[in-house]
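One structure is given here, and the rest of the page talks about it.
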Amino acid sequence: MTEPKLRNAIPMPEGIIIAPSILAADYARLGAEVQEAEAAGAIWFQVDVMDGHFVPNISIGVPVLASLRPVTSSFLDVHLMIENPGAFISAFAGAGADLITIHVEASRDLRGDLHLIRGAGCHAGVALNPATPAEAIYEVLDTVDLVLVMTVNPGFGGQTFIEEAVDKIGTIRDMRSETGLAEIPIQVDGGIGPETAPIAAAAGASVFVAGSSVFRRPAGIAASMRALYDSLSVPSRG
Ligand code: DX5
């Protein structure tokens with residue numbers, strides 16, 4: 001008898017996606033900020049989980065995800081910047097993750113952990129730090145639903161976009177076609193704003209994680225979302 005799935009994940013949204021990263025949101029009013037971004041067209045949010053080991057910062061965990069889940073029907077993308085991610089997959093799936101992304105640099109059994117994520121009923125993503133070559137994920141491309149190319153070294157919001165990471169997006173795009181897995185979206189994360197999103201899009205990215213450029217700009221959340229959609233020449237969904 002197969003184990004009941006911990007999560008019945010929402011189908012992964014397609015097309016050009018602006019995914020606000022709640023790391024930059026005001027946690028005192030997190031639900032309201034998420035709903036404000038949804039009113040401006042957001043349908044996908046990234047939840048950054050940091051353990052103070054894999055990255056030099058500590059952020060949030062399962063309780064925040066579990067609190068957020070009931071207030072939004074949007075796609076919740078959990079980015080695990082933690083060591084030994086396999087040990088935490090069922091907890092995040094149970095708390096409402098739709099996508100769980102783990103780092104190739106952190107997993108001791110990458111294919112095994114990716115199977116664990118799918119087995120829990122979530123979409124599986126694999127992330128690469130800026131210094132990690134694209135080839136590091138070639139062997140698991142057939143086991144993922146998304147590839148995350150970090151455009152900053154993970155650990156903090158508000159950092160500067162690393163241009164050198166852009167070539168890797170192109171390499172992964174080519175790898176995808178070679179392996180007949182063209183449907184797997186390439187996500188970028190770190191220093192993404194109206195100035196840098198078009199650069200990543202031209203290389204092949206379609207999902208744009210944005211923290212400070214959504215939640216920390218004086219113009220406010222709605223205008224900031226619109227500026228991002230405009231920079232990618234796509235109509236806002238709001
Ligand atoms: C950093 C996180 C990012 C971060 C992005 O390690 O993975 O999601 O929140 O923030 P900005 O968009 O401000 O660079």
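The values are calculated or read from the model by the stated rules, or taken from the named source; none is laboratory data. Note that this is a predicted model, so its numbers are computed, not measured. All Cβ positions, even for glycine, are placed from backbone atoms using ideal geometry, and neighbour counts span all protein chains on display. For accessibility, only protein heavy atoms count, side chains too; no ligands or nucleic acids. Shrake-Rupley method; radii C 1.70, N 1.55, O 1.52, S 1.80 Å.
Residues that are within 16 Å of the ligand (Cβ to nearest atom), closer than 16 Å to residue 207 by Cβ and not in a helix (DSSP H, G or I): does the range 163-184 have at least one?
No, the range 163-184 contains no residue that is within 16 Å of the ligand (Cβ to nearest atom), closer than 16 Å to residue 207 by Cβ and not in a helix (DSSP H, G or I).
With respect to the numbered conditions (1) surrounded by fewer than 20 Cβ atoms within 10 Å (Cβ to Cβ); (2) of a type outside the set (Phe, Trp, Tyr); (3) at pLDDT 95 or above, which one is the sole condition not fulfilled by residue 181?
With respect to (1) surrounded by fewer than 20 Cβ atoms within 10 Å (Cβ to Cβ); (2) of a type outside the set (Phe, Trp, Tyr); (3) at pLDDT 95 or above, residue 181 is out only on (3).
Please verify whether the range 148-159 includes one or more residues that are under 16 Å from the mean Cα position of the chain (by Cα), away from the ligand (no atom under 12 Å from the Cβ) and open to solvent by 10 Å² or more (accessible area, probe 1.4 Å).
No: zero hits.
Looking at the structure I just gave you, is residue 65 crowded, with 17+ Cβ neighbours inside 10 Å and not in a strand (DSSP E or B)?
Answer is yes for this residue.
For residue 230, state whether it is acidic (Asp, Glu), touching a residue at least 12 places away in the same chain (Cβ under 8 Å) and within 12 Å of the ligand (Cβ to nearest atom).
no
Looking only at the range 46-62, how many residues end up being in contact with a strand residue (DSSP E or B) (Cβ under 9 Å, 6 or more places away or on another chain), assigned to a loop (DSSP other than H, G, I, E, B) and open to solvent by 10 Å² or more (accessible area, probe 1.4 Å)?
Total meeting the criteria: 7.
Here is a check on your reading of the model: is residue 126 among the hydrophobic types (A, V, I, L, M, F, W, C), within 13 Å of the ligand (Cβ to nearest atom) and open to solvent by less than 10 Å² (accessible area, probe 1.4 Å)?
Spelling it out, it is not the case that residue 126 is among the hydrophobic types (A, V, I, L, M, F, W, C), within 13 Å of the ligand (Cβ to nearest atom) and open to solvent by less than 10 Å² (accessible area, probe 1.4 Å).
All but one of (1) part of a helix (DSSP H, G or I); (2) touching a helix residue (DSSP H, G or I) at 6+ places or on another chain (Cβ under 7 Å); (3) more than 14 Å from the ligand (Cβ to nearest atom); (4) closer than 14 Å to residue 148 by Cα hold for residue 200; which doesn't?
(3)
Does any residue of the range 165-188 turn out to be of a type in the set (Gly, Ala, Ser) and under 15 Å from residue 21 (Cα atoms)?
no
Counting only residues that are crowded, with 16+ Cβ neighbours inside 10 Å and of a type outside the set (A, V, I, L, M), which one in the range 14-34 is farthest from the ligand (Cβ to nearest atom)?
Selected residue: 33.
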